[in-house]
Amino acid sequence: MKEDQIIIIGGGLLGLATANALLDRGEKVLVLERSEETALETSFANAGMLTPSQSAPWNSPPDIARILSGIGRKDSPMTLSVKQIPSLFFWGLKFMFYSRPQSFERISREIFSLANYSKLLTKNIRDSENIRYDESTKGTMKIFRDSERLQQSFDFSKRIYGDSTTKLLNREEVIDLEPQLKEIKDLEGGLHYRSDETGDAYKFCKALEDIVRRKGGRILVKTNIKKIHVNKGKVNSIVTERAVLRARRVIVCAGSWSKDLLKDSGIRIPIRPVKGYSLTYDTSGINDKPKISIIDEGVHIAITPFDNRIRVAGTAEFVGFNEEIHPKRIKYLNAMLKLIYPDLYSKIDLDEGEVWQGFRPMSADGLPFIGETRVKGLFVNTGHGQLGWTLAMGSADLIADHVIGVETQIDSKPYLMNR
């Protein structure tokens, strides 16, 4: 292996997107993935939404209240395990510190900037490579059962993101856009985010994997990283279970696991795993299916229709890396699907649902970390929270420019390690 080859740790959305961006810049890349194949972890069955409209971090006062009220509960949209409180204490203080209105709005704008840029690059690769992943450009819709909260959210969207892509809808207009919502009795209205997109992130990843291989990138699966070896403040090699790989440039794109990988190199990064779930049902043969992705503001749930499938995703658990799929979580997702689409719920086979859980890498301030660490040659592209797919292509573009030492296309200062 040549030492000029860049090693990328992580074969999910961020790792594959980073590999593609570097290959486009003429670099040689090797992607190392611990699972049996790429995109089996957090990228596998997420909500399937590319949503610049949802660029606000999860540390708003209402979200913090939901987290605290969900301590020890499995029937709440957000849950905090009592056992995790000590390990989350200092991270949680930072999390709450950045919830101040001035910080919250600044960070929302910074995420939105990267999200918009990323969505453009996603469209570019879709068009140039002619890839398909059950994509839809109909936008997304957030629905509300409280008129005051609806107006507040619309005002926030206009103030932070501008009003060119967000349309305020009354109840009748919501049902015109998605007739399957007509059975919600307390529906007050909604927001239609016309520039959002949806699609299957796993299918996108597999298409991206093929592109990376075709461009000459190498991908090794079933490869566990034991250590990133540093010598005299510079990256020296990657130690795996099978070999020592010499490298002068390494990019950690390992999501929630990035924290532990970096710790042995003396890098402390404020990222914690936030567990989420999804349920995917087969809808082939069912008439009058939903056509647009829905976010229900009141219950913190997203429901996305794909070709002949529908996915209900949501919940946020601060439970460390606990992989248990709790029955109450499945019951909660099913209850929310029934609440929003009772007619569809009555027609699907509940025994055939595909259950998934994954760990979102959440930073304390809500912004990803993209750039070089204080160890020369050691870079990070992680901490994207619930917006991994939304931010993937843009983040890859930024980190690739950092690695080769050229100016980025958008301002990258908000996402640096030393921010």
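Quick note: the coordinates plus some simple rules give every number you see, no bench work behind them. The structure displayed is predicted, hence computed values, not measured ones. Here the Cβ positions follow ideal geometry from the backbone for every residue, glycine too, while neighbour counts run over all protein chains shown.
Which one, Gly26, Asn124, Leu344, is farthest towards the positive end of the dipole of the chain when Lys and Arg carry +1 and Asp and Glu -1 on their Cβ?
Gly26
Name the residues whose placed amide hydrogens come within less than 5 Å of the amide hydrogen of Lys289, ignoring near sequence neighbours (fewer than 5 apart) on the same chain.
Placed amide hydrogens put nothing under 5 Å from Lys289.
Taking square-rooted eigenvalues a ≥ b ≥ c of the alpha carbon gyration tensor, is segment 259-319 rounded, prolate or oblate, where a/c under 1.5 means rounded and, failing that, a/b exceeding b/c means prolate?
prolate
If you place +1 on the Cβ of every Lys and Arg, -1 on the Cβ of every Asp and Glu, and leave all else neutral, what size is the dipole of segment 281-419 about its Cα centre, to the nearest 20 Debye?
Values: 14 positive and 19 negative charges, 56 e Å.
With only Lys, Arg, Asp and Glu charged at Cβ, the dipole is about 260 debye.
Quick check on segment 176-331: what are the equivalent-ellipsoid semi-axes from the Cα gyration tensor, as sqrt(5λ), descending, whole Å? List each step's numbers first, then the result.
Values: eigenvalues 333, 82, 45 Å².
After diagonalising the Cα gyration tensor, the semi-axes are 41, 20, 15 Å.
Label points 7 Å out from Cα along the Cβ direction at Ile330 and Asn170: separation in nm?
4.3 nm
Taking 30 Å as R0, compute the FRET efficiency from the Cβ-Cβ separation of Asn130 and Glu37 and round it to 0.05. If you can, show how the numbers build up before the last one.
On the way: r = 23 Å, r/R0 = 0.76.
FRET efficiency, Asn130 to Glu37: 0.85.
For the residues Trp257, Trp91, what sequence is obtained by ranking on other C-beta atoms within 10 Å, fewest first?
Least to most surrounded, the residues fall as Trp91, Trp257.
So if I take the alpha carbon set of segment 97-194, get Rg, then get Rh from the Kirkwood formula, what is the Rg over Rh ratio?
The Rg/Rh ratio comes out at 1.04.
Report the charge-dipole magnitude of the chain in Debye, nearest 20, computed about the Cα centre from +1 at each Lys and Arg Cβ and -1 at each Asp and Glu Cβ.
Roughly 1720 debye for the chain.
Just grab the label-to-label distance for Arg194 and Lys222, each label 7 Å out from Cα along the Cβ direction, in nm (one decimal).
For Arg194 paired with Lys222, the spin-label model returns 5.1 nm.
For a quick check: with amide H placed at 1.01 Å from N, whose amide H comes under 5 Å from Gly12's, ignoring anything fewer than 5 positions away on the same chain?
For Gly12, whose amide H was placed from the backbone, the distant partners under 5 Å are Ala39.
Roughly what would the spin-label model give for Ser87 and Phe321, points 7 Å off Cα along C-beta, in nm?
Using points 7 Å along Cα→Cβ, the separation is 0.8 nm.
How long is the chain along each principal axis, judged by its Cα atoms, biggest number first, in Å?
65, 45, 42
Where both residues lie in the chain, what percent of DSSP beta bridges are antiparallel, nearest 5?
Given both bridge residues lie in the chain, the antiparallel proportion sits at roughly 70 percent.
List the pair-distance distribution P(r) of segment 106-148, using every Cα-Cα distance, as the percent of pairs falling in each 5 Å bin from 0 up to the bin containing the longest distance, rounded to whole percents.
Binned Cα distances yield the sequence 5, 15, 17, 17, 19, 14, 8, 3, 2.
Which value, in Å to one decimal place, does the Kirkwood hydrodynamic radius take for segment 18-169 when every pair of different Cα atoms is included?
For segment 18-169, the Kirkwood estimate is 18.9 Å.
Report P(r) for segment 245-288: all Cα-Cα distances, bin width 10 Å, range 0 to the bin holding the largest distance, values in whole percent.
P(r) over segment 245-288, rounded to whole percents: 19, 32, 17, 15, 12, 5.
I need Cys205, Cys253 ordered by Cβ neighbour count within 10 Å, fewest first.
Lowest count first: Cys205, Cys253.
From the backbone phi of segment 242-253, what are the Karplus-calculated ³J(HN,Hα) couplings (6.51 cos²θ - 1.76 cosθ + 1.60, θ = phi - 60°) in whole Hz, Gly and Pro given as x?
So the J values, rounded to whole Hz, are 10, 6, 10, 9, 5, 7, 9, 9, 9, 10, 8, 10.
Just to check I understand the Karplus step: with θ = phi - 60° and J = 6.51 cos²θ - 1.76 cosθ + 1.60, what whole-Hz values come out for segment 100-116, glycine and proline as x?
Those phi angles translate into 4, x, 5, 5, 4, 6, 4, 5, 4, 5, 5, 5, 4, 4, 5, 5, 4 Hz.
Segment 44-114: percent of C-alpha pairs farther apart than 17 Å?
55 percent
Which one, Thr198, Leu187, Gln152, projects farthest toward the positive side of the charge dipole computed for segment 149-218 from Cβ point charges (K/R +1, D/E -1)?
It is Thr198, whose Cα lies furthest towards the positive end.
If neighbour count is taken as other Cβ atoms inside 10 Å, put Ser55, Ser87, Ser153 in order from fewest to most.
Taking fewest neighbouring Cβ atoms as first place, the list is Ser87, Ser153, Ser55.
Check which residues have an amide H placed less than 5 Å from Thr373's amide H, if you skip close sequence neighbours.
For Thr373, the qualifying residues are Leu378, Phe379, Val380.
As a quick test, which of the pairs Lys275/Lys331; Lys182/Lys331; Lys74/Lys331 have an alpha carbon distance above 20 angstrom in this structure?
Details: Lys275/Lys331 16 Å; Lys182/Lys331 23 Å; Lys74/Lys331 10 Å.
Going by Cα-Cα distance, Lys182/Lys331 fall outside the 20 Å limit.
Quick check: from the Cα gyration tensor, does segment 11-52 come out rounded (a/c under 1.5), prolate or oblate? Intermediate results must be reported in sequence, preceding the final value.
Values: a/c = 4.55, a/b = 1.35, b/c = 3.36.
The shape class here is oblate.
Lys347: which lysines have alpha carbons under 16 Å from its alpha carbon, excluding same-chain residues fewer than 8 sequence positions away?
Lys289, Lys338
Can you compute 3J(HN,Hα) from phi for each residue in segment 27-36, using the Karplus curve 6.51 cos²θ - 1.76 cosθ + 1.60 with θ = phi - 60°, rounded to whole Hz and x for Gly and Pro?
8, 9, 9, 10, 9, 10, 10, 7, 7, 5
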